[in-house]
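The values are calculated or read from the model by the stated rules, or taken from the named source; none is laboratory data. Everything quoted here is computed from the prediction, not taken from an experiment. Neighbour counts run over all protein chains shown; Cβ positions are idealised from the backbone, glycine included.
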Amino acid sequence: MKRRPRILLADDHCLLLEAFVSLLQPHYNIVGTAENGRRAIELALETSPDIIILDISMPELNGMDAYAQLRLRQPDARVIFLTVNEDPDIAAEAIALGASAFLLKSSASAELSLAIESALAGQTYITPLILKGKPLSVFLDNSHKPSSGNLTLRQREVLQLLAEGKAMKEAARILDITPRTIAFHKYTIMGQLGLNNTAELVQYALENHLVAPRG
């Protein structure tokens, strides 16, 4: 009997997770669900999925940075981004990172299965809602390497947690480092980016899609 592809789902909306599980379970082996990027990494290392479907805007660790870490630790896993973010530059950044597909949550449900099968076949899929009539080859030629102010992955982790309003002690607990190290990273980031206060730090995180707008 043919082995069903193993899929891990990560999204911070419980109802959407349940809907995706119901949609995919008849055809694929759902090995786990996660509600933030940090948990997605843990589950991916535990279950070794063939496909990881990630939202971009997730608490504690966003989907893009979760993927950047997963790519180093599980290079064989194929990643599909499924998001509300319609920015073509974000789609280009995701593909430049090595993602197999980029979909919108407003895409037809059949597109998700199409993207999964494309990823399993080693192909790249981007929803027509993003391509807007452009050939995939042109889009890929124009894709760019991510520009994150030359921040390290650890700096981006710290920046996201602080921008989400977490105190230094809480951020330190999540990352398993000391509050003093968090403070060091915070002020290094501010100096590196030319930011003067926490409000500007939060604004930078919003503009660079490290956190989602509140409300």
| request: Report yes if R78 is of a type in the set (K, R) and surrounded by fewer than 20 Cβ atoms within 10 Å (Cβ to Cβ), otherwise no. | output: no
| task | Return the total of residues in region 81-113 being assigned to a helix (DSSP H, G or I) and over 18 Å from N208 (Cβ atoms). | result | 5
| query | Can you tell me which residues in region 6-29 are more than 19 Å from S57 (Cβ to Cβ) and surrounded by 18 or more Cβ atoms within 10 Å (Cβ to Cβ)? | reply | I7, L24, Y28
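For region 22-42, does any single residue satisfy the condition of being aromatic (F, W, Y), in a loop (DSSP other than H, G, I, E, B) and in contact (Cβ under 8 Å) with a residue 12 or more places away in the chain?
Quick first cut of region 22-42, residues aromatic (F, W, Y) only: 28.
Checking which are in a loop (DSSP other than H, G, I, E, B) leaves us with 28.
In the following step, the residues that additionally are in contact (Cβ under 8 Å) with a residue 12 or more places away in the chain were identified as 28.
Yes, region 22-42 contains at least one residue that is aromatic (F, W, Y), in a loop (DSSP other than H, G, I, E, B) and in contact (Cβ under 8 Å) with a residue 12 or more places away in the chain.
If you check I174, I189, which single one turns out to be farther than 20 Å from G37 by Cα and not assigned by TED's automatic domain parsing to the domain that holds L70?
I189 is the lone residue from the list that is farther than 20 Å from G37 by Cα and not assigned by TED's automatic domain parsing to the domain that holds L70.
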| request: Please indicate, with yes or no, whether at least one residue in region 53-75 is surrounded by fewer than 21 Cβ atoms within 10 Å (Cβ to Cβ), assigned by TED's automatic domain parsing to the domain that holds L112 and under 19 Å from I130 (Cβ atoms). | output: yes
| task | Scan region 49-57 and give yes if some residue there is at pLDDT 90 or above, assigned to a helix (DSSP H, G or I) and at negative phi, otherwise no. | result | no
